[in-house]
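Here, each number is a calculation from the coordinates, and none is a lab measurement. Here the structure is a predicted model, which is why all the values come from computation and not from measurement. Note that each Cβ is placed from the backbone with ideal geometry, even for glycine, and that neighbours are counted across all protein chains shown.
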Amino acid sequence: MRAILLALSLLLWAAGAQADVVLLPSAAGAERFQRSVTLPDSFALLAYIETEQRLTFCGPASLAAVFNSLGVHDPSPQELYPYHLLTQDSLFLIAKNQATKRYGAVETEGLTLDELARFAANMGATVATVHATDATIDALRDKLRSAVSTPGTRAIINYSRKPLNQDGDGHISPLAAYDAPTDSFLVLDVARYKYPPQWITFDLLYEAMRTIDSSSHKSRGALILSLKKAGP
């Protein structure tokens, strides 16, 4: 019965009950996609997006997708040899990640925005963390818009589902694109068993990122990362 009610609510939501959230597999979502998704980087991220393997693994799932899209496919599970693919589990083969937060703790609690940033830095990325309460709406929009339109740069957001009237609370997922006419970002939701990719207006997204994470006692926000450039 719960599955039927959830499916019914999703159908109503997809039909337009939530004007600020537009599902990618809809006429309006497809129109925005055709207009806004033009960079190879966006398609690379779409190619590697995956479903979180546990309810608390939105952070690892987002990092795995982002790093694979940037060409970082190691450490790869031994089971895939001789092929290479960074996975949610293989992130924990990096000793610094285990030292930041052990697998069992992430399985129980998930990752905060700052812990996610440390995982990304441990992977060799240049990382900028922005807590939403520390930035104006225009400044944060500009940072995210620049990130999704700059080759080699990725954005991951940490937000609450509650302002979106979605099932659940704190969540993490990558951004793939920005649509200027509707001032909305394409969120590649890694909880794909619940929601497909969706366009969310930035006003609503900003509200969702300004919520307080009860684990860190800080606001949620965004992580902007790129690979460190090799020296001369």
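A compact table of results
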quantity	calculated
Strands (runs of 3 or more DSSP E) contained entirely in the stretch 139-214, each with at least 2 residues that are within 12 Å of the chain's Cα centre (by Cα)	153-160, 170-179, 184-187
Long-range neighbours under 6 Å by Cβ, at least six apart or interchain, first residue closer than 14 Å to Glu115 by Cα within the stretch 205-225, second crowded, with 24+ Cβ neighbours inside 10 Å and among the hydroxyl-bearing types (Ser, Thr, Tyr)	Arg220/Tyr159
Count of the stretch 29-46 residues which are touching a residue at least 24 places away in the same chain (Cβ under 8 Å), of a type in the set (A, V, I, L, M, F, W, C) and either crowded, with 20+ Cβ neighbours inside 10 Å or farther than 18 Å from Ile156 by Cβ (or both)	2
Test: residue in the stretch 86-97 that is surrounded by fewer than 20 Cβ atoms within 10 Å (Cβ to Cβ), at negative phi and assigned to a loop (DSSP other than H, G, I, E, B)	yes
Top-ranked residue in the stretch 113-128 [being under 15 Å from the mean Cα position of the chain (by Cα) and not in a helix (DSSP H, G or I); ranked as nearest to His217 (Cα to Cα)]	Ala128
Residues of the stretch 192-218 classified as in contact with a strand residue (DSSP E or B) (Cβ under 7 Å, 6 or more places away or on another chain) and either within 21 Å of Thr56 (Cα to Cα) or among the charged types (D, E, K, R) (or both), total	11
